[in-house]
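Working notes, structure below.
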Amino acid sequence: MLPTNKEHWGTKIGLVLAMAGNAVGLGNFLRFPVQAIQNGGSAFIIPYFICFLLMGIPLLWVEWSMGRFGAKHNQHNLPSILQLFVQYRWIRFLGVFSLFTNIVVAAYYTYIESWTLAYLYYALIQKFSGQTLQEVQHYFDSFRSWNHYEGILFWLITCLLNVYILSKGIQKGIEATAKLLMPMLILFAISLAIFALSFQKGDFGAIHAGIVGFDYLWTPDFSGIWKPKVWLAAAGQIFFTLALGMGTIQCYAAYMKKEEDIALNAMASGWLNEFVEIVLGASIIIPICVGFLGLNKIHEWAQLGGMGLSFKVLPYLFSQWGILLGTLTGLFWFGALFFAGITSSLAMGLPITSFLSDHFAWPPKKGAFLFGTLIFLLGIPCILSPKIFDEFDFWAGSFSLVLFAVIEIILFSWVWGIDKAWNEINLNAKIKIPYPFKFIIHKVTPVFLITIFIANIPGLIQKLIEETTIDVVIARLLMVLLFLLGLWAIYKT
């Protein structure tokens, strides 16, 4: 069936904000600061920026270009877009990664997202006022259990909210949401960063000034900079933060106007994400934790990860600051997290609704309902078992992203040809892309990605052999079933 999808972005700013919303997610505020602390502080920025320059920026241009090329041929889904670059019908089956990855990641991502909505409500009602740190931590542990009815309720609300916005389509749903929430997210984050860097020792019971935590985070430790795990962490953070290898960027770009400049747009959304992550994300959670908990505790707390700090520690600290300040900081923090989360989860739904619209003429409401049903069904095992949650995150949220990135860079720059690829990237460009990036896209980025993939193989084999509990087996069977279902859906097109 020929595509009949006529949707498109209403404004350029709406497109850029939606793309930024796709990239700016929970990892900007929760994952990056802890990754930096565990991998050398400011020294972590060296491998991080090298990965951004050699992998992040090139893949942004590649994925935006692939999407706009799809728009020229009225194709808005990854299976069909891939076939534009390689004239073999079987190549479309590789597009299953966009269907599989986004559904699995959305299943556990919306669950995390629901925590932020719940704690936004808890901040408003001052739920943790008067509680000890241990009580706050215990509550979060119980909140994550399957029999915590409030937690389940907020998860259902989050799923329904995603389905409702997706059902409104591109302009009235995703774009309108991004134009409303992204400015609010940045405003909330800037306000929190100013507070975190300005409070002094003794203010609200602080042990240190906030700037001490900022200095600690950015104090370089070069002793581990050549360790492979540091570079793998940096590369993983780039994938995680820019939403690369998921097919969401191609799908978003496929709804842009054919004469749009992808060179500048990709840079605008990419650097906005970096600003939020490096400048804002690193200026909130660590300075606050160091300021109020002390330097001697930070590595201990860092073992909890960003989610542990956010949901087990910060609510307690907010509750110590009085009704007005405590409520405002709680609303701003969890509000920023929720806005970041929902703009990202909406992006995961669009590849599914676009595929169904292009090939089966499904309206957005019907496609959004199916997407919501799938993430609901896969979300239940995530709630019942943390091991299933972790398996979904590893295979769909890490391994699959790198594997597909290798595939797409080879198809785009090697099979289709670097000259065609370079011309497509520069088409209608309002900025002059440095010529060395042609060599980087053709040679350096593929080698970089393949090296990362090969370096992870021993760990993958070990994981497959050693982790064989019933929960892990169930998770893998569910993912195999979903992958086969995606292949079947593509076969029916």
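The values are calculated or read from the model by the stated rules, or taken from the named source; none is laboratory data. Note that the structure is predicted; figures quoted are calculated from it, not measured. Neighbour counts run over all protein chains shown; Cβ positions are idealised from the backbone, glycine included.
Here is the figure for region 354-382: residues that are outside any helix (DSSP H, G or I) and either within 22 Å of the chain's Cα centre (by Cα) or over 14 Å from GLY173 (Cα atoms) (or both) total 2.
So for region 151-173 (the condition being part of a helix (DSSP H, G or I), more than 23 Å from GLY367 (Cα to Cα) and in contact (Cβ under 8 Å) with a residue 24 or more places away in the chain), does at least one residue qualify? For region 151-173, residues part of a helix (DSSP H, G or I), more than 23 Å from GLY367 (Cα to Cα) and in contact (Cβ under 8 Å) with a residue 24 or more places away in the chain: present. Every test in (1) part of a loop (DSSP other than H, G, I, E, B); (2) closer than 19 Å to VAL16 by Cα is passed by THR219 save one, and that test is (2). Take THR468 and tell me if it is among the polar types (S, T, N, Q) and within 26 Å of the chain's Cα centre (by Cα). When the stated conditions are applied, THR468 does not pass them. Close contacts from region 252-263, counting a first residue that is closer than 15 Å to ILE433 by Cβ and a second that is surrounded by 24 or more Cβ atoms within 10 Å (Cβ to Cβ) and not small (Gly, Ala, Ser), with Cβ to Cβ under 6 Å and a gap of 6+ residues or different chains, come to ILE262/TRP64; ILE262/ARG68. Taking (1) crowded, with 20+ Cβ neighbours inside 10 Å; (2) modelled with pLDDT of 90 or more; (3) of a type outside the set (Phe, Trp, Tyr); (4) part of a helix (DSSP H, G or I) in turn, MET246 satisfies each apart from (4). Are any of the residues in region 445-457 surrounded by 14 or more Cβ atoms within 10 Å (Cβ to Cβ), of a type in the set (Gly, Ala, Ser) and over 27 Å from PRO351 (Cβ atoms)? There is at least one residue in region 445-457 that is surrounded by 14 or more Cβ atoms within 10 Å (Cβ to Cβ), of a type in the set (Gly, Ala, Ser) and over 27 Å from PRO351 (Cβ atoms). Looking at the structure I just gave you, is LEU192 under 28 Å from ASN428 (Cα atoms) and modelled with pLDDT of 95 or more? No; evaluated as a whole, the condition is false for this residue.
Results for (1) crowded, with 19+ Cβ neighbours inside 10 Å; (2) among the β-branched types (Val, Ile, Thr), shown as yes or no for each residue.
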{"position": "LEU166", "(1), (2)": "yes, no"}
{"position": "GLY173", "(1), (2)": "yes, no"}
{"position": "ALA176", "(1), (2)": "no, no"}
{"position": "ALA193", "(1), (2)": "yes, no"}
{"position": "PHE199", "(1), (2)": "yes, no"}
{"position": "ILE211", "(1), (2)": "no, yes"}
{"position": "PRO228", "(1), (2)": "no, no"}
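Considering (1) at pLDDT below 95; (2) surrounded by fewer than 23 Cβ atoms within 10 Å (Cβ to Cβ); (3) hydrophobic (A, V, I, L, M, F, W, C), the lone condition that ILE57 does not fulfil carries the number (1).
Screening TRP9 on (1) of a type outside the set (Val, Ile, Thr); (2) part of a helix (DSSP H, G or I); (3) surrounded by 21 or more Cβ atoms within 10 Å (Cβ to Cβ) shows it passes everything except condition (2). Looking at region 210-246, which of its residues are more than 18 Å from PHE32 (Cα to Cα) and in contact with an Asp or Glu (Cβ under 8 Å, 6 or more places away or on another chain)? Of everything in region 210-246, just one residue is more than 18 Å from PHE32 (Cα to Cα) and in contact with an Asp or Glu (Cβ under 8 Å, 6 or more places away or on another chain), namely GLY245.
To keep it simple, each residue is scored yes or no on (1) of a type in the set (A, V, I, L, M); (2) touching a Cys at 6+ places or on another chain (Cβ under 9 Å); (3) assigned to a helix (DSSP H, G or I); (4) buried (at least 24 other Cβ atoms within 10 Å of the Cβ).
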position: LEU82; (1), (2), (3), (4): yes, no, yes, yes
position: ARG92; (1), (2), (3), (4): no, no, yes, no
position: GLY95; (1), (2), (3), (4): no, no, yes, yes
position: SER129; (1), (2), (3), (4): no, no, no, no
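Of the residues that sit in region 285-312 and are small (Gly, Ala, Ser) and at pLDDT 90 or above, which one is nearest to the chain's Cα centre (by Cα)? The residue in question is SER310.
Taking the conditions (1) modelled with pLDDT under 95; (2) not in a loop (DSSP other than H, G, I, E, B) in turn, ASN147 satisfies each one other than (2).
Within region 44-54, restricting attention to residues that are among the hydrophobic types (A, V, I, L, M, F, W, C) and in contact with a helix residue (DSSP H, G or I) (Cβ under 7 Å, 6 or more places away or on another chain), the residue that is surrounded by the most Cβ atoms within 10 Å (Cβ to Cβ) is PHE44.
Apart from one condition, LYS257 fits all of (1) in a helix (DSSP H, G or I); (2) more than 16 Å from the chain's Cα centre (by Cα); (3) of a type outside the set (Ser, Thr, Tyr); the exception is (1). Being acidic (Asp, Glu), buried (at least 20 other Cβ atoms within 10 Å of the Cβ) and either in contact with a strand residue (DSSP E or B) (Cβ under 8 Å, 6 or more places away or on another chain) or under 24 Å from SER354 (Cα atoms) (or both) is a property that does not hold for GLU391.
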